[in-house]
Amino acid sequence: MGSEVVRALKGITFDVMTGDFVTIMGASGSGKTTLLNILGCLDRQSDGQYLLDSVDVNKLSRNQLAHLRNTKIGFVFQSYNLLPRTSALENVELPLMYNRLVSAKDRRDRAIKALEAVNLADRLDHKPNELSGGQQQRVAIARALINEPVMILADEATGNLDTKTSFSIMALLQDLNENQGKTIVFVTHEPDIAQFSSRTVTLKDGRVIKDHVNENKKNAKQALAALPVGDDV
């Protein structure tokens, strides 16, 4: 920034193992977004090494990075990032549109399977404005799953949702993690959301100040059932 050098991250070191469900927490400005961008191969770190599925990311070209992102990583965003004029099915198909090795039929079949996995089999032809916020986020999660990535990165994926819908999304992510073995890294600033993960890495001023296993991990499905009865999510 001008003549001033701002170090967003300083000496960050940690491992994410296959099948982990890790939340990254920290106040605004702690470095969460920068860290997520590096994990997602959107940014490169200025020093150090990042290995993704045994691949040294720093040694890859821009095209190789794009291929890695499209095959190894599934992204879920706070704002869903769905195309407004296309159906849920077409939104989920999108990551496979540029893969010439996948036929149109296979692409559709895989998209349907992904939507079934997030309990939206009856919403295939609905456009985003015909879906609730929770349903839109489920479409985004299905889109993240379609390439069968080694890691799902979620950036404040419950930030725009009410408590009941947030717990519903966390119940889905817990199911994907525990029953399907998906590795998940979830950025949040909400402690009640972090309690559903297996491990929490806390950042402050660009450094890891705490990295601990959540001994009392809560079950999101049970937490959802315990909420007062209200509108369906």
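Numbers below:
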quantity	calculated
Set 85, 100, 110, 62: member being out of contact with any helix residue (DSSP H, G or I) (no Cβ under 8 Å at 6 or more places or on another chain), in contact (Cβ under 8 Å) with a residue 24 or more places away in the chain and among the charged types (D, E, K, R)	85
One residue from 185, 201 being within 21 Å of residue 136 (Cα to Cα) and outside any helix (DSSP H, G or I)	185
Looking only at region 1-29, and only at residues there that are under 19 Å from the mean Cα position of the chain (by Cα) and surrounded by 20 or more Cβ atoms within 10 Å (Cβ to Cβ), the one that is nearest to residue 179 (Cα to Cα)	21
Sole residue being part of a loop (DSSP other than H, G, I, E, B) and surrounded by 24 or more Cβ atoms within 10 Å (Cβ to Cβ), chosen from 157, 142	157
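For every residue, the table says whether it meets (1) closer than 22 Å to residue 36 by Cα; (2) in contact with a Pro (Cβ under 9 Å, 6 or more places away or on another chain).
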| position | (1), (2) |
| --- | --- |
| 107 | no, no |
| 127 | no, yes |
| 130 | no, no |
| 149 | yes, no |
| 154 | yes, no |
| 170 | yes, no |
| 177 | yes, no |
| 196 | yes, no |
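Taken together, the values in this text are just the output of simple stated rules run on the coordinates, not laboratory data. Worth saying up front: this structure is predicted, and the values here are computed from it rather than measured. All Cβ positions, even for glycine, are placed from backbone atoms using ideal geometry, and neighbour counts span all protein chains on display.
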